[in-house]
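Below is one structure, written out as structure tokens; comments come after it.
The values are calculated or read from the model by the stated rules, or taken from the named source; none is laboratory data. Treat the numbers as computed from the prediction; the structure is a model and nothing was measured. Reconstructed Cβ throughout: ideal geometry from the backbone, glycine too, with neighbour counts over all protein chains shown. Ligands, DNA and RNA are stripped out before the accessible areas are found, and what is left, the full protein with its side chains, is counted by its heavy atoms. Shrake-Rupley method; radii C 1.70, N 1.55, O 1.52, S 1.80 Å.
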Amino acid sequence: DTGVSQNPRHKITKRGQNVTFRCDPISEHNRLYWYRQTLGQGPEFLTYFQNEAQLEKSRLLSDRFSAERPKGSFSTLEIQRTEQGDSAMYLCASSLDQRFTDTQYFGPGTRLTVL
Amino acid sequence: DAKTTQPPSMDCAEGRAANLPCNHSTISGNEYVYWYRQIHSQGPQYIIHGLKNNETNEMASLIITEDRKSSTLILPHATLRDTAVYYCIVRANTGNQFYFGTGTSLTVIP
């Protein structure tokens, strides 16, 4: 399968714990995005990487959230001191930056439940 | 990026064409129209996108009005597997994120 993969698919944690999610993009894609989706809402943008550089962050990305893409390939999203309000689906997408198109392809998501 | 307006829900009979409308009256000249769909508990799936010409691929057709203020996604022969939330997004090709909104929940009825 050459699509975007995310691990784990599900994560249950207790409030106050740290969690880390991983995203493996489509291999030749140089752009990588993180989104968050809560029940009944569309995905909301969190942050975006061009190769290894984090170029944009949403106001939704509080200081408890950090994302990395150390070698311009896979990315990790860490949430420190989780809160119940962090419970959501975390989606990763990747794209190939081309002149006239930048279609994003999404992974299956990681569903986080904070107890 | 321009905002979009979609009906919250629609039904379609299996085997019939599903026509999903989207209004984007504030779209600017360099903004593309993208359509994605999301089947329950899965990641969004790309369907199609266009700038001003009508587009067709193996999944759907996209009809954009001449003034570009609205568009219609057409699933020519809807099946039960097409039941999903459909998102219409407009985005400049230089933009870095999609604004999804709440989409249209399409139910295909046997």
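Across the protein chains, with a 1.4 Å probe defining accessible surface, the residues B:I109, A:I12 rank A:I12, B:I109 from largest area downward. Comparing A:D86, A:D63, A:D24 in a Gaussian network model of chain A (Cα springs below 10 Å), the most mobile by mean-square fluctuation is A:D63. The share of accessible area on the range B:1-45 that comes from carbon and sulfur is 47 percent, using a 1.4 angstrom probe. To the nearest 10, the accessible area of A:S75 is 0 Å² with a 1.4 Å probe. Here each label is just a point 7 Å from Cα along the line to Cβ, and for A:Q84 and B:S28 those points are 4.2 nm apart. Accessible area per residue (1.4 Å probe, heavy atoms of protein chains only) ranks B:I48, B:I27, B:I39 as B:I39, B:I27, B:I48, with the largest value leading. Residue separation of A:D97 and A:S66 scaled by 0.36 nm, minus their Cα-Cα distance, works out to 8.8 nm of gained length. Peptide A:105-112 has a mean of 3 when you count, residue by residue, the C-beta atoms of other protein chains within 10 Å of its C-beta. For the range A:43-107, the solvent-accessible area works out to 49 Å² per residue, with a probe of 1.4 Å and every protein chain left in place. Sorting B:T4, A:T110 on solvent-accessible area from highest to lowest, probe radius 1.4 Å, gives B:T4, A:T110.
Legend: mean number of C-beta atoms from other chains within 10 angstrom of residue C-beta atoms, peptide B:40-47, equals 6.
Per the Debye calculation on the range A:1-101 with a single equal scatterer at every Cα and no solvent contribution, log₁₀ I(q)/I(0) for q = 0.15, 0.21 Å⁻¹ amounts to -0.59, -1.14.
Taking beta carbons within 10 Å but only from partner chains, what does the mean come to for residues B:27-38?
Values: counts 0, 0, 0, 0, 0, 4, 0, 4, 0, 6, 0, 7.
The mean count of partner-chain Cβ atoms within 10 Å per residue comes to 2.
If you wrap the tightest convex hull around every Cα atom of the protein assembly as shown and split its volume per residue, you get 124 Å³. Counting other Cβ atoms within 10 Å, keep those with at most 16, restrict to DSSP loop, and tell me which GluC sites (Glu not before Pro) in the range B:1-84 are left. The qualifying sites are B:E14, B:E58, B:E66.
Applying 1/(1 + (r/R0)^6) with r as the Cβ-Cβ distance of A:K14 and A:R59 and R0 = 30 angstrom yields a FRET efficiency of 0.65.
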